[in-house]
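To keep things clear, I will list the structure first and then write my remarks on it.
The values are calculated or read from the model by the stated rules, or taken from the named source; none is laboratory data. These figures come from a predicted structure and were not determined experimentally. Quick reminder, even Gly has a Cβ in these numbers, built from the backbone with ideal geometry, and neighbours come from all protein chains shown.
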Amino acid sequence: MTDEPLLRVRGLTKHFPVRQGLRATGLVRAVDGLDFDVRPGETLGLVGESGCGKTTTGRMLVRLLEPTSGSIEFAGRDITHAGRRELRPLRQELQIIFQDPYASLNPRHTVGRIVAMPLQVNGINPPGGIKARVQELLELVGLNPEHYNRYPHEFSGGQRQRIGIARALALRPKLIVADEPVSALDVSIQAQVVNLLRDLQRELGLAFVFIAHDLAVVRHFCQRVAVMYLGRIVEIGDRADIYERPQHPYTRALLSAIPDVTQLGPAGRIRLTGDVPTPLDPPSGCRFRTRCWKAQDVCATEEPALVARDGGNQATACHFPEPARAALQAEAAVVGAEPAGRGVEANVEEVSS
Amino acid sequence: MSLSPVEGVALAEIESDGGMGEPAAKGVVGRSPGQLAWLRLRRDRTAVVSGVLLVFFMVLGLSAPLIEVVYGVGPREQFQNLLDGFGMPLGYAGGVTGDHWFGLEPGLGRDIFIRLIYGLRTSLFIAFAAALITATIGIGLGALAGYLGGWLDAVINWITDLTLAMPFLIIALALTPTITLRFYGERGQVSSAFGVGVLIAVFAIFGWTSTARLVRGQVIALREREFVEAAKASGAGLGHIIFRQLLPNIWAPILVSFSLAVPQFITSEAALSFIGVGLSDETPSFGRMIYDSLDFLQTDPAYVFFPGITIFALVFAFNLFGDALRDALDPKSSR
Amino acid sequence: MDSSEPSPSGEPDDRPAVPAQRSDQDAYLRVSDLRVRFDTADGVVRAVDGVSFAVERGRTLGIVGESGSGKSVTSLAILGLHDPKRTTITGEISVGGRQVVGLPDEEVRRLRGRDMAMIFQDPLSALHPYYTVGRQIAEAYRVHHPKANRREARQRAVDMLDRVGIPQPARRFDQYPHEFSGGMRQRAMIAMSLVNDPALLIADEPTTALDVTVQAQILDLLADLQAEFHSAIILITHDLGVVGQVADDVLVMYGGRAIERGSVQQVLRSPQHPYTWGLLSSVPSLHGDADADLVPIPGNPPSLINLPSGCAFHPRCRYADRAGSRSRSEVPELRPAGDDGHLVACHLSAEDRAAFYAEDIARVGVAV
């Protein structure tokens, strides 16, 4: 792994105007100033709840959406506003896997045609012919190459997702944006696809931006994790840091809200009240303050910067980040002794749209 | 690239297909949605009967000159000797004989059967040509408006609304004679090809709106689908996305609307000819024949009967087939 | 499940299976040998095939299964929400001592809402978009309380909105569903379900469409409400984590049949069926080795139209060979396994299961 990032994102922003008739009546700040890097072969998880802007970010990275401002640099070249022709050589290195295995395959095309599409669109004729390459890809993702002539409706959800993966691999990309690739699948199938992606990632040295709402899946796939809330990254760091030493209150709340099979009974100590505020009118200062139990006056006036503390890799956008590991353990012991939900019960007013 | 380490799992997955007994279609390799629709269509008795009838009509229409040779009577031949003094055909049922299967026209004494065959050809030609042209215009404008959206969509919608607001009948009544006059003058002999062309043009101008709206709606529903985005993410251009990704998914409704547009144009042609702005008497057509026959409703009902029953059977078969096609292409809508 | 223990445990495995009986008399909901069949163009679908369970008031039963396992059909059958023309239901469903199967529609309708209610996965499709949320809740109340006047019904609805944690309930009463956020809508849906104090609440994937932080709120709310109203809850979900958090008892379904049943402790801590093992080991966890591969269940969930013969799980089961040809020819019945009240439908012997579990599953470090 070199230090030169494959993907460098700076100040990436997407605002959607809300129109009533012809008048613009508001601005949805879906993504509001993201900075992150992805190095070659690295897997970055982008997690957050609905409306945090993770999907919009993914679409901007592969240029399905035009960023409002900020820059995306891929392999040293600025592709923020590149046109279709300029993008063409880069398209081959930057692909996307979609969430819905039913909507992402054209029902009127055979599997062979679907997987070959990126090759044909880019006028690539691989040695041995397109068909051989497609069959090789099908085999790579664990499908029977003989199924070349079948149609998507003849496959199950998990198999369809494999087809989508094969299509993304057709151009031998360096970076794949995977947008919730397993969340539409049955639990027993999810593991198959996660394992497949992991094997491919290791074998082909792919870099991934893995977008998911499921922190447990991300933990099994990603080396680095960025937690998003209302269009901003609130915390980014290595997997071990994020999961074991979360510094941002939101990351902590998110982690403790996940029902985990290894814990029976009413688990989790942190309960956030209310829903995520609307990105149409995000709270001033720190966007999480309306649901945060640590919020002070400064949180409403001053927006915390995403900064690394203690010179580490882990950056947090919070005025009152959690202390280092040792202190955290001490606190957990105290809180854990109390009945569920008492320790840090949020005394925050309900917020909703 | 070598086999991936997940091969074992995946092969197990594939092998388990058979064991789990997925529906029989799994066993047959590569059954496209189109093939499935074809199978359903073949199982539908209404579709088969109406389809066979349509093919029969089309073959009749296409082979009109051939039939003329075999039948031995042309569409313009007059058999005045077989009419009585009042111009009425001799014999029963409007002069039905072994030589003139459907009898003769009162007055001019032309053979009704061969005129019907040629009328069938004219009507089918006009209807199919008009349906093809309207479908092409409709698909083109609808797909562009739906996919690109924005101001282009607004303009195309505006034109559609404008076209729909124009009164078809009045404009057809006003336009057809004017155009004919402009090309041929007061006394010029209007060629039958010109009359047919004007009719098709009139239908094309007014008929594309429904297809355009249909296609636009379908494209809007599909354009956000992820398979379209996948094509875009791979660098596909407008042509690829519209023709390769979107259109194959909306052939079904287009085909249905096409199969229902044809009979509509057949009746419209008949109606226009009936009110006199359609084809001239020279060109055999259903509308013209029915128009001419009405004077003899009391005295020679057979003259009305044969063209009437043919046009009825033709349009009915088309409509039944169109409905059956809709059921076959979209099995959910029928139940 | 205290109420549904078959008979004293410890009997040999080859004893014929006994459906839930013993103290079921005091269970509020008793389902025995429920079978639901649909006639479709492609053939007969046995969506539920001989399922038995019971739920007492104050307890929560989690029904776990993948798509097509029959878990949702079971709940619809209990509520009588099926298309009577296409559906054949046999077996017994007793709600508060009343037999539901075969009851006239009109009477089932009266039971529904008053004695049993349902919470759907997608509250947006369950709430009518053109009426205010409050009006819908008030209407639901008045259906079963015809004597209540408009003001009383409104008061009741506002109280319920307040009870499920919706701020400013009087103002919210007059808003439309689209003005509510996802979590709020699910709360409103719960308020509507509870407005008539039903003794049985069926929640079909109530949190699947919600974010985790909101899911946690809703699960807490359900637990609170259960403590308050002492209702019996059936929670249908695919998420074992949710089950582990809120359920007292668990029923695992596969291919329309119950394959394992027991207390949450039994099923999640000492699972007996290879399918349950598979579910547990394929779910990524926040604990344990993040770099270890997940252990997926090979293959796909079966089609209910053409279920594999014998044990429906055998094509995906790693240990099917061990049971010999029986796995393909004989449908395993639910039999007592190990602890009190723990039932499993598997051909493997108890010793084999213990050995396989210790060797292949527990080692991976899931479900300690």
TODO: Would you point out the residue of the range B:50-75, among those that are in contact (Cβ under 8 Å) with a residue 40 or more places away in the chain, over 19 Å from B:F125 (Cα atoms) and not small (G, A, S), that is nearest to the other protein chains (Cβ to nearest Cβ)?
DONE: B:Y71
Open item on the list: Restricting to the range C:333-348, give me the number of residues that are part of a loop (DSSP other than H, G, I, E, B) and touching a residue at least 40 places away in the same chain (Cβ under 8 Å).
Closed with: 11
TODO: Residues being over 19 Å from C:R57 (Cα atoms) and either more than 18 Å from the chain's Cα centre (by Cα) or not assigned by TED's automatic domain parsing to the domain that holds C:I166 (or both): count how many of those fall in the range C:192-209.
DONE: 1
Open item on the list: Need the failing condition index for A:P181 against (1) more than 7 Å from chain B (Cβ to nearest Cβ); (2) free of Cβ contacts under 8 Å to residues at least 24 places away in the same chain, just the number.
Closed with: (2)
- [ ] Tell me, yes or no, whether the range C:235-258 has at least one residue that is in contact with a Ser or Thr (Cβ under 8 Å, 6 or more places away or on another chain) and at positive phi.
- [x] yes
Task: Residue among C:V295, C:V250, C:V267 that is surrounded by fewer than 23 Cβ atoms within 10 Å (Cβ to Cβ) and within 14 Å of chain A (Cβ to nearest Cβ) - done: C:V295
Task: Conditions (1) over 30 Å from C:L222 (Cα atoms); (2) in the same structural domain as C:Q121 (by TED's automatic domain parsing); (3) of a type in the set (G, A, S): number failed by C:A350 - done: (2)
Open item on the list: I want to confirm something. Restricting to the range C:141-168 and keeping residues that are touching a Gly at 6+ places or on another chain (Cβ under 8 Å) and either at pLDDT 90 or above or not in a helix (DSSP H, G or I) (or both), which single residue is nearest to C:T207 (Cα to Cα)?
Closed with: C:L161
- [ ] Could you list, in sequence order, all residues of the range A:26-53 that are within 18 Å of A:T80 (Cβ to Cβ) and either free of Cβ contacts under 8 Å to residues at least 12 places away in the same chain or of a type in the set (A, V, I, L, M) (or both)?
- [x] A:A30, A:V31, A:L34, A:V38
Open item on the list: Among the residues in the range B:211-227, are any among the aromatic types (F, W, Y), assigned to a helix (DSSP H, G or I), more than 22 Å from A:F98 (Cα to Cα) and in contact with a helix residue (DSSP H, G or I) (Cβ under 7 Å, 6 or more places away or on another chain)?
Closed with: no
Open item on the list: Out of everything in the range B:212-253 that is among the small types (G, A, S) and within 9 Å of chain A (Cβ to nearest Cβ), what residue ends up being nearest to B:T136 (Cα to Cα)?
Closed with: B:G237
- [ ] Run down B:G51, B:G74 and say which single residue is at pLDDT 85 or above and either over 30 Å from B:G322 (Cβ atoms) or assigned to a helix (DSSP H, G or I) (or both).
- [x] B:G51
Open item on the list: Based on this model, can you work out whether C:P284 counts as at the interface with chain A (Cβ under 7 Å from one of its Cβ atoms) and over 30 Å from A:I242 (Cα atoms)?
Closed with: no
Open item on the list: Of everything in the range A:6-34, what is modelled with pLDDT of 90 or more and over 16 Å from A:R59 (Cα atoms)? Give them in sequence order.
Closed with: A:L6
Open item on the list: Taking the conditions exactly as written (surrounded by fewer than 22 Cβ atoms within 10 Å (Cβ to Cβ) and within 10 Å of chain B (Cβ to nearest Cβ)), does A:R162 satisfy them or not?
Closed with: no
Task: Subset of the range C:219-247 [aliphatic (A, V, I, L, M) and within 12 Å of chain A (Cβ to nearest Cβ)] - done: C:L219, C:L221, C:L222, C:A223, C:A227, C:L235, C:L240, C:V242, C:V243, C:V246, C:A247
Open item on the list: Let me confirm something: among C:V252, C:V264, C:V295, which residue is of a type in the set (A, V, I, L, M, F, W, C), modelled with pLDDT of 85 or more and closer than 23 Å to A:S183 by Cα?
Closed with: C:V252
- [ ] Report whether or not C:Q245 is under 18 Å from C:A358 (Cβ atoms) and buried (at least 23 other Cβ atoms within 10 Å of the Cβ).
- [x] no
Open item on the list: Looking at (1) more than 23 Å from C:R57 (Cβ to Cβ); (2) at pLDDT below 85; (3) buried (at least 16 other Cβ atoms within 10 Å of the Cβ), which one does C:G113 not meet, given that it meets all the others?
Closed with: (1)
Open item on the list: Just checking, does the range C:334-344 include any residue being at positive phi and surrounded by 23 or more Cβ atoms within 10 Å (Cβ to Cβ)?
Closed with: no
TODO: Give the number of residues within the range A:76-91 that are assigned to a loop (DSSP other than H, G, I, E, B) and either at the interface with chain B (Cβ under 9 Å from one of its Cβ atoms) or touching a helix residue (DSSP H, G or I) at 6+ places or on another chain (Cβ under 7 Å) (or both).
DONE: 1
- [ ] Report, by residue number, each residue of the range C:186-211 that is outside any loop (DSSP other than H, G, I, E, B) and either polar (S, T, N, Q) or crowded, with 23+ Cβ neighbours inside 10 Å (or both).
- [x] C:Q186, C:R187, C:A188, C:M189, C:I190, C:A191, C:M192, C:S193, C:L201, C:I202, C:A203
Open item on the list: Only one of A:P277, A:P304, A:P249 is within 14 Å of chain C (Cβ to nearest Cβ), closer than 27 Å to A:K14 by Cβ and modelled with pLDDT of 90 or more. Can you tell me which?
Closed with: A:P249
Open item on the list: I'm checking my understanding of the structure. Among residues of the range C:298-322 that are of a type in the set (G, A, S) and more than 26 Å from C:V283 (Cα to Cα), which one is farthest from the other protein chains (Cβ to nearest Cβ)?
Closed with: C:G310
Task: Residue in the range A:165-200 that is surrounded by the most Cβ atoms within 10 Å (Cβ to Cβ), counting only those that are β-branched (V, I, T) and part of a strand (DSSP E or B) - done: A:V177
TODO: Give me a count of the residues in the range A:92-108 that are at the interface with chain B (Cβ under 7 Å from one of its Cβ atoms), among the aliphatic types (A, V, I, L, M) and over 19 Å from B:G34 (Cα atoms).
DONE: 1
Open item on the list: Which residue is modelled with the lowest pLDDT, if the candidates are limited to the range A:58-75 and must be assigned to a loop (DSSP other than H, G, I, E, B) and away from chain B (no Cβ under 14 Å)?
Closed with: A:A75
- [ ] Scan the range A:203-238 for residues that are out of contact with any helix residue (DSSP H, G or I) (no Cβ under 7 Å at 6 or more places or on another chain), under 30 Å from A:V307 (Cα atoms) and part of a helix (DSSP H, G or I) and report the count.
- [x] 2
